[in-house]
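The values are calculated or read from the model by the stated rules, or taken from the named source; none is laboratory data. Predicted model, so just to flag it, every value in this text is computed and none were measured. Cβ placement follows ideal geometry from the backbone for every residue including glycine, while neighbour counts extend to all protein chains displayed.
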Amino acid sequence: MEDIVEEVVEEPIVLPYVAPFTGIRSEEEQTQRPIIVTMNNHPLARPQSGIAQADIVYEMLAEGNVTRFLALYQSEIPDIVGPVRSARDYFVEVAKGLDAFYIAHGYSPDAQKMLNARVVDNINGMQYDGILFKRSKERKAPHNSYISKENIFTGAEKVGASMEIHKIPTFSFYDSAEGAKLETLSLL
């Protein structure tokens, strides 16, 4: 008589919460308000600190052929972020659209008007240089402004900004890598 071996198939455990900006599932709900930092993308600013921990990195045109990064943090806030650079009005609009706490060091005239009008909760190195923002001696200005995780939260408290998420973004994510694969079409 043959032994019958019954295979036990375990159902995969599906964690209950989805991180709003990465789609990664977790046991705990993400309640951290998103934080957007304008980061320098100049060759003299590389490597940037904390960029690898960003949930999303937007590369935005500043002027001419110069780009800046808007690094969005929610899942993980790095200990140090930078070099931090100046705001543009359309960077402020991105932060507003994502209800993010916005961090920059400097601003264009239009961005300054928006930030002064509190279009978004923000802190800026122009007001807090040497207080919340620290200068690295290893780089020359304007590639040397950094902010720590601790000072991000201290700054939010200073300006009365809540760091709890206000509205959850409506990004969509595939349940698996298989679901995200595109079919290749033959043109022949």
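Okay, here's what the table says:
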quantity: Filtered residue count, the stretch 55-94, keeping only those that are aliphatic (A, V, I, L, M), under 19 Å from Ile168 (Cβ atoms) and touching a Ser or Thr at 6+ places or on another chain (Cβ under 9 Å); calculated: 1
quantity: Residue match in the stretch 27-34 (condition: closer than 15 Å to Ala104 by Cα and either in contact with a strand residue (DSSP E or B) (Cβ under 6 Å, 6 or more places away or on another chain) or surrounded by 11 or more Cβ atoms within 10 Å (Cβ to Cβ) (or both)); calculated: yes
quantity: Sole residue being under 15 Å from the mean Cα position of the chain (by Cα) and at pLDDT 95 or above, chosen from Ala95, Ala111; calculated: Ala95
quantity: Residue tally, condition within 21 Å of the chain's Cα centre (by Cα), on the phi < 0 side of the Ramachandran plot and without any contact (Cβ under 8 Å) to a residue 40 or more places away in the chain, over the stretch 114-125; calculated: 7
quantity: Search result, residues across the stretch 142-162 that are of a type in the set (Ser, Thr, Tyr), crowded, with 17+ Cβ neighbours inside 10 Å and over 13 Å from Asn40 (Cβ atoms); calculated: Ser148
quantity: In the stretch 91-111, residue farthest from Asp55 (Cα to Cα) [restricted to those that are part of a helix (DSSP H, G or I) and not aliphatic (A, V, I, L, M)]; calculated: Pro109
quantity: Residue in the stretch 51-68 that is touching a residue at least 40 places away in the same chain (Cβ under 8 Å), out of contact with any Phe, Trp or Tyr (no Cβ under 8 Å at 6 or more places or on another chain) and surrounded by 15 or more Cβ atoms within 10 Å (Cβ to Cβ) present; calculated: no
quantity: Residue within the stretch 163-182 that is at pLDDT 95 or above and surrounded by 12 or more Cβ atoms within 10 Å (Cβ to Cβ) present; calculated: yes
quantity: Hits in the stretch 112-141 (condition: assigned to a loop (DSSP other than H, G, I, E, B) and either of a type in the set (Phe, Trp, Tyr) or crowded, with 17+ Cβ neighbours inside 10 Å (or both)); calculated: Val120, Asp121, Leu132
quantity: Glu11 being modelled with pLDDT under 95 and either of a type outside the set (A, V, I, L, M, F, W, C) or not in a loop (DSSP other than H, G, I, E, B) (or both); calculated: yes
